[in-house]
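The values are calculated or read from the model by the stated rules, or taken from the named source; none is laboratory data. In this text the structure is predicted, and so the values were computed from the model without any measurement. Quick reminder, even Gly has a Cβ in these numbers, built from the backbone with ideal geometry, and neighbours come from all protein chains shown. Accessible surface areas use protein heavy atoms only, side chains included; no ligands, DNA or RNA. Shrake-Rupley method; radii C 1.70, N 1.55, O 1.52, S 1.80 Å.
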Amino acid sequence: MTTTLGTAVSATTSTAVERVLAAGPDSAAVRTVAAFLDVAAGATGRATFYNTRDEQLVLERDAHTAMSELDRALYAALVAGPSMTDRARQSGALRLLSSPAEDSALDENAAVRRAVSQLTVPRMLNLYGALAAERVNNARVRKLILRTLLGAPALERWSVTYRRKLAVALRHAWGARMSGVLRSVLARELSGEPLTDKERGILAREVDRWTGGRDAAVVRECVAFLLGAPGPYTRPGLRAYGEARTDLDAGRALPYETLEGLRGRFHREVPSARVLELTKARLTTGQRLAVQATAERAAVEVEVDLTRYDAVRLYLYAFERGLTADVADALAARARQVGAGLALGGRRIALLLDGSGSMAGSETQPLRPIAVTLALRDAFRAGADVVAEEWFGGRADASGLVHPGGATAPTEALIAALSTGPDLVVVVGDGYENTPAGRFAETLDAARGLGVRTPVVHLNPVLAAETGGVRALGEAVPVAALQRLESLELAACRLLLEVDPEAAAGLLLRIAGVAERALPETAADDVRTTTDEAPEEVSP
Amino acid sequence: MRNPFARKADPAEVTAAAGSATVAELLGGTAPGRVQSVGRMQVLPLLAGDAPTADLGDPRELAISTDNYGTLRFGNGGPGVALVPCHLAVIVPQAAQDHAMPRATLVAPGTQLAYTAAMCVQQTQGGLIRSGRHRLAVLPPSLREAASDLPAAPGYNRLWPAVSAFNASSGSGSVADLIRFLARFATELDQFVAEFELVDDQIGAVVLLDGQVVGVERAPSHAYWRAMWEPLIRFCYGAEAVRREAAGVPADARTRVPLGPVSGGDGADPLALLAAAVRDADTREQSLAEAAAAEAGARTLLVGVDQRHEDTAVGQVLGDTLVGAYALAGDTPVYASLTARAAAV
């Protein structure tokens with residue numbers, strides 16, 4: 001694709017990729033890239049079955065640090081690239097903004113802006129919150145915050161939905177003193193008092209210049225609201241926010257979570273179902289799925305378009321609510337989309353799928369590993385000729401969902417898979433093996449000795465902090481992290497780094513946005529459709 | 001068949017060493033599952049099948065605190081009697097002195113029990129544990145042995161010499177503070193939790209280190225086992241495995257069977273040959289683990305009854321090679337938590 005960062009960027013990034021990969025597949029540079037791709041594809045910032053949240057965060061931070069120190073220009077390009085995960089974009093932007101940009105042909109500021117522009121709103125605000133918490137305040141940060149917030153067409157809605165986070169970001173950009181000045185001036189303006197030339201100058205310099213051509217009066221009112229000016233407000237959303245404190249129904253124009261928050265504070269006698277009823281038409285895509293159980297209990301019908309969710313989310317929903325025909329249809333559609341991007345047409349694939357107890361995930365992300373596994377299975381089924389599907393552990397129910405349980409015994413499954421004569425064996429699992437540990441590698445080694453040359457690769461939905469990346473089933477089995485299907489390109493690049501560096505270079509350029517993407521746009525769209533999902537924490 | 005646990009006609013006859021039983025009798029009805037082997041540790045799951053079970057609560061639901069140094073207080077808000085597991089350790093992030101139990105005990109429903117013979121495992125930390133649901137742990141084997149050999153009588157500092165020796169043997173200094181060991185080897189201990197998985201119907205396990213049985217665990221219910229698995233594997237047996245690594249104890253793979261050489265030829269299907277070789281290695285490893293478990297199962301132990309609540313009894317187990325506690329529902333063993341004496345391994 002034609003990069004928006006320009007041909008100079010393409011050349012810079014291409015040179016960086018060549019330089020990094022020239023050191024050879026066993027070099028420290030390639031290991032650094034591999035570790036970065038692992039966390040980019042697999043990090044969630046949450047605890048896993050095996051590791052605490054803190055351990056995961058340290059792993060993630062170290063991988064970002066090493067990659068940025070290896071080649072900052074390449075790091076910036078990767079973070080801003082179209083295939084990067086939101087969490088990696090968020091962490092990457094934080095890291096880049098926290099230290100001065102290097103002299104480079106790459107416009108790092110443009111890369112940061114591009115990365116931020118692809119973030120969901122909660123993630124963007126989490127990033128700004130992290131910048132405030134870490135006291136990262138420089139001209140780049142101030143410009144970024146003011147441009148993206150005050151120039152946003154949805155500023156009024158954001159103001160009532162993310163009031164506190166927006167206020168934190170703006171106060172960080174302006175500083176406490178200027179924020180106080182602006183609050184005072186805007187309060188006077190709202191009350192109809194005339195402003196002095198100096199005050200108008202302040203508003204023009206600090207607010208109006210960042211609005212990007214939008215109605216400055218609207219932006220000023222939103223800023224006044226966010227900084228705590230008493231009003232009165234004329235914008236419907238801002239007015240509704242105030243009125244809902246005394247009359248819940250007056251807040252029907254507000255987002256669900258905002259009105260629910262006001263109900264909890266000012267109308268505790270009103271059932272939550274009333275809020276659902278009032279706001280059901282304006283629920284976000286993510287909320288529609290999340291509130292299904294609540295809505296059912298409250299006898300409120302909330303329509304949900306299952307085709308707008310990614311496969312992992314749909315499987316998690318199915319575990320909670322059952323694998324209905326609607327969900328199965330949506331999963332099939334998703335599988336076709338992702339499968340088409342696998343570019344594996346005609347390849348005979350054998351799948352080894354881990355259903356053991358540890359695939360149940362952690363308390364904070366229950367069942368996510370098995371959901372990823374099932375979604376990947378579907379994608380391979382749709383996009384390749386799957387000649388074998390061998391589960392080790394797990395119990396399938398009548399609907400087809402596989403519930404994690406039992407020990408991890410992949411060896412028999414490996415032999416069964418190899419016996420089908422596939423072109424490629426793909427293992428999907430967390431890499432922990434215990435019946436006994438090491439048997440998989442022993443068996444694969446023995447198979448090689450018997451002349452079996454079938455490549456075996458491993459996609460791992462769980463980061464293992466104690467290994468510094470993902471847990472492998474043996475040194476001879478390339479492994480890549482994979483948390484969501486949109487990261488399949490990152491995972492493929494990670495695997496190719498070990499087995500085909502030349503192909504990996506091409507893929508790395510695609511990830512950095514200087515070559516055509518492999519995945520269809522629909523895959524990336526999955527992320528955007530869940531824009532208002534509960535945010536994850538940004539790593540330190 | 002004799003029942004060594006048949007209740008005496010007169011409760012007054014019940015004493016601390018009322019009779020003898022074998023380990024196998026304590027595990028009655030359970031069956032071994034597929035062995036899991038990682039590093040120097042092996043876990044032979046015990047499956048309940050038709051074995052008797054009993055609802056003796058969920059230890060995670062107990063409200064636990066310390067009233068003073070040496071007294072652990074347990075609150076049982078549940079509807080049935082609750083079993084406090086043998087050698088339970090309460091490790092809290094609060095600035096409070098962590099404590100452990102020398103025995104198992106019962107807490108009647110809806111009551112609180114102040115156990116005055118508890119032991120401090122953190123010499124250098126003062127403060128009392130605030131009441132709440134705390135993370136559970138089980139003492140490492142050498143501390144369990146020491147705790148079992150000490151009388152269950154007040155004396156909060158009586159385990160300090162054993163804790164000190166345990167720490168010293170792992171290079172963690174000689175202060176009687178178990179947290180120093182746990183903090184130093186936190187990552188390695190996490191690893192042990194990671195490596196072994198619960199299997200369907202599991203209610204207990206025989207744990208082997210370096211080919212020898214170091215623990216025999218049987219819970220009264222599946223739920224109880226799920227609650228105690230992590231405390232056991234991380235703090236008890238995992239801790240001992242880590243200590244051995246730190247102390248430079250050579251690993252002994254006597255019950256491990258690597259995949260032997262597999263040669264093709266004669267037109268045989270190489271993958272069929274490979275499958276047969278894997279089956280053979282796995283079968284032999286299973287047999288070796290089961291044989292070690294069976295040998296432990298034949299050992300005779302002294303069993304007594306220390307405490308009763310209605311039809312449930314709990315008592316200490318003492319043997320030449322294993323120590324711990326057990327519990328009865330009626331006359332039927334439903335709980336055993338035994339660890340090997342150091343001299344026996």
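Some values worked out for this structure:
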item: Qualifying position, being at positive phi and open to solvent by 40 Å² or more (accessible area, probe 1.4 Å), among B:GLY110, B:GLY70; result: B:GLY110
item: Residues located in segment A:316-338, provided they are in contact with a Gly (Cβ under 8 Å, 6 or more places away or on another chain) and either outside any helix (DSSP H, G or I) or over 20 Å from A:GLY383 (Cα atoms) (or both); result: A:LEU323
item: Helices (runs of 4 or more DSSP H) contained in segment B:167-257 and holding at least 1 residues open to solvent by 20 Å² or more (accessible area, probe 1.4 Å) and within 13 Å of chain A (Cβ to nearest Cβ); result: B:186-195, B:222-230
item: Number of the exception - B:GLU310 against (1) on the phi < 0 side of the Ramachandran plot; (2) more than 14 Å from chain A (Cβ to nearest Cβ); (3) surrounded by fewer than 16 Cβ atoms within 10 Å (Cβ to Cβ); result: (1)
item: Hits in segment A:410-435 (condition: within 27 Å of B:ARG256 (Cβ to Cβ), aliphatic (A, V, I, L, M) and either touching a residue at least 40 places away in the same chain (Cβ under 8 Å) or open to solvent by 30 Å² or more (accessible area, probe 1.4 Å) (or both)); result: A:ALA413, A:LEU414, A:ALA416, A:ALA417, A:LEU418, A:VAL425, A:VAL427
item: Hey, A:GLU475 out of contact with any strand residue (DSSP E or B) (no Cβ under 7 Å at 6 or more places or on another chain), open to solvent by 10 Å² or more (accessible area, probe 1.4 Å) and either facing chain B (nearest Cβ under 10 Å) or among the aliphatic types (A, V, I, L, M) (or both) or not; result: no
item: Boolean, A:GLY231 is assigned to a loop (DSSP other than H, G, I, E, B), open to solvent by less than 20 Å² (accessible area, probe 1.4 Å), in the same structural domain as A:TYR256 (by TED's automatic domain parsing) and of a type outside the set (Val, Ile, Thr); result: yes
item: Candidate set: segment A:141-153, residues that are open to solvent by 50 Å² or more (accessible area, probe 1.4 Å) and out of contact with any helix residue (DSSP H, G or I) (no Cβ under 6 Å at 6 or more places or on another chain); chosen: the one nearest to A:GLY175 (Cα to Cα); result: A:LYS143
item: Evaluation of A:SER399 against (1) small (Gly, Ala, Ser); (2) outside any helix (DSSP H, G or I); (3) open to solvent by less than 40 Å² (accessible area, probe 1.4 Å) (one fails), failing number; result: (3)
item: Enumeration of residues in segment A:395-424 that are charged (D, E, K, R), more than 10 Å from chain B (Cβ to nearest Cβ) and closer than 26 Å to A:TYR315 by Cα; result: A:ASP397
item: Residue list for segment A:51-82, restricted to those being farther than 17 Å from A:LEU463 by Cα and either charged (D, E, K, R) or not in a helix (DSSP H, G or I) (or both); result: A:GLU69, A:ASP71, A:ARG72, A:GLY81, A:PRO82
item: Selection within segment A:143-163 - more than 22 Å from A:TYR75 (Cα to Cα) and either assigned by TED's automatic domain parsing to the domain that holds A:GLY92 or more than 22 Å from the chain's Cα centre (by Cα) (or both); result: A:LEU146, A:ARG147, A:LEU150, A:GLY151, A:PRO153, A:LEU155, A:GLU156, A:ARG157, A:SER159, A:VAL160, A:ARG163
item: Test: residue in segment A:436-456 that is within 13 Å of another protein chain (Cβ to nearest Cβ), buried (at least 24 other Cβ atoms within 10 Å of the Cβ), assigned to a loop (DSSP other than H, G, I, E, B) and modelled with pLDDT of 90 or more; result: yes
item: Tally of residues being without any contact (Cβ under 8 Å) to a residue 40 or more places away in the chain, open to solvent by 50 Å² or more (accessible area, probe 1.4 Å) and not basic (Lys, Arg) across segment B:276-293; result: 4
item: Flag if B:VAL303 is closer than 25 Å to B:PRO220 by Cβ and modelled with pLDDT of 95 or more; result: no
item: Test: residue in segment B:30-39 that is more than 14 Å from chain A (Cβ to nearest Cβ) and part of a loop (DSSP other than H, G, I, E, B); result: yes
item: Within segment A:353-371, considering residues that are assigned to a strand (DSSP E or B) and open to solvent by 10 Å² or more (accessible area, probe 1.4 Å), the one nearest to A:GLY406 (Cα to Cα); result: A:GLY361
item: Yes/no for A:ALA384 being assigned by TED's automatic domain parsing to the domain that holds A:ARG471 and open to solvent by 50 Å² or more (accessible area, probe 1.4 Å); result: no
item: Every pair of residues 6+ apart whose Cβ atoms lie under 7 Å, when the first sits in segment B:39-54 and is hydroxyl-bearing (Ser, Thr, Tyr) while the second is surrounded by fewer than 20 Cβ atoms within 10 Å (Cβ to Cβ); result: B:THR53/B:SER221
item: Residue match in segment B:44-61 (condition: β-branched (Val, Ile, Thr) and not in a loop (DSSP other than H, G, I, E, B)); result: no
item: Residue in segment A:258-279 that is β-branched (Val, Ile, Thr), out of contact with any strand residue (DSSP E or B) (no Cβ under 7 Å at 6 or more places or on another chain) and in contact (Cβ under 8 Å) with a residue 40 or more places away in the chain present; result: yes
